[in-house]
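Beneath this line is the structure, given in structure tokens, with notes to follow.
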Amino acid sequence: MKINEANIDIIRKDNILNSVSVAMPIWDKVGNDELLAIDIPLFGIKTVAKDPVDAEVAIRESIQLFCLSAEKFGKGLENELKVMGWSFIEQSENFTSMSFSVPSQNTVIDQIMNTGGHFAQKLELSI
């Protein structure tokens with residue numbers, strides 16, 4: 001499966017961030033210290049885990065904290081993602097869908113997007 005895009009659906013309830021559904025590539029590798037180094041580059045996040053089970057938790061918690069921090073300390077999740085190169089696909093009062101697409105002529109980034117694993121999950125959030 002060729003991955004040249006990442007997506008996030010943002011759901012709000014009464015203008016408060018409620019949940020996000022994320023589908024994006026992630027990378028991990030075992031470091032010299034035997035820990036898994038995890039990179040979530042489209043959110044600018046790096047984290048570590050002791051094993052694959054811990055990695056799933058670390059990825060989920062890192063994305064949740066990114067979203068909550070963007071709301072609490074930034075200019076809102078949608079605005080923070082826009083600054084990072086994400087584009088709006090659909091937007092209404094309580095729903096926003098955004099995408100990070102790799103231009104077809106950018107073969108280097110296209111190849112990079114296809115080398116990582118794929119994370120897809122709906123995350124419940126509360127502030």
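The values are calculated or read from the model by the stated rules, or taken from the named source; none is laboratory data. Small disclaimer: the values here were computed from a predicted structure and weren't measured. Quick reminder, even Gly has a Cβ in these numbers, built from the backbone with ideal geometry, and neighbours come from all protein chains shown. Areas reflect the complete protein model, heavy atoms only, side chains present, ligands, DNA and RNA absent. Shrake-Rupley method; radii C 1.70, N 1.55, O 1.52, S 1.80 Å.
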Label point distance in nm, residue 93-residue 23, each placed 7 Å from Cα along Cα→Cβ: 2.8
Shape call for the range 1-75 from the C-alpha gyration tensor, a ≥ b ≥ c root eigenvalues: rounded (a/c under 1.5), prolate (a/b greater than b/c) or oblate? prolate
Would you work out what percent of the accessible area of the range 1-84, with all protein chains in place, is carbon or sulfur (probe 1.4 Å)? 52
Could you compute how much accessible surface residue 14 exposes when probed at 1.4 Å, giving the result in Å² to the nearest 10? 130
Starting from the 7 Å offset along Cα-to-Cβ, what nm value, one decimal, do you get for the label separation of residue 35 and residue 53? 1.9
Using a probe radius of 1.4 Å on heavy atoms only, what accessible surface per residue do you get for the range 1-75? Whole Å² is fine. 58
Pairwise label distance in nanometres, residue 75 with residue 13, each label 7 Å out on the Cα-Cβ vector: 2.9
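Could you order 75, 29 by accessible surface area, starting with the largest, using a probe radius of 1.4 Å?
Values: 75 160, 29 140 Å².
Largest to smallest exposure gives the sequence 75, 29.
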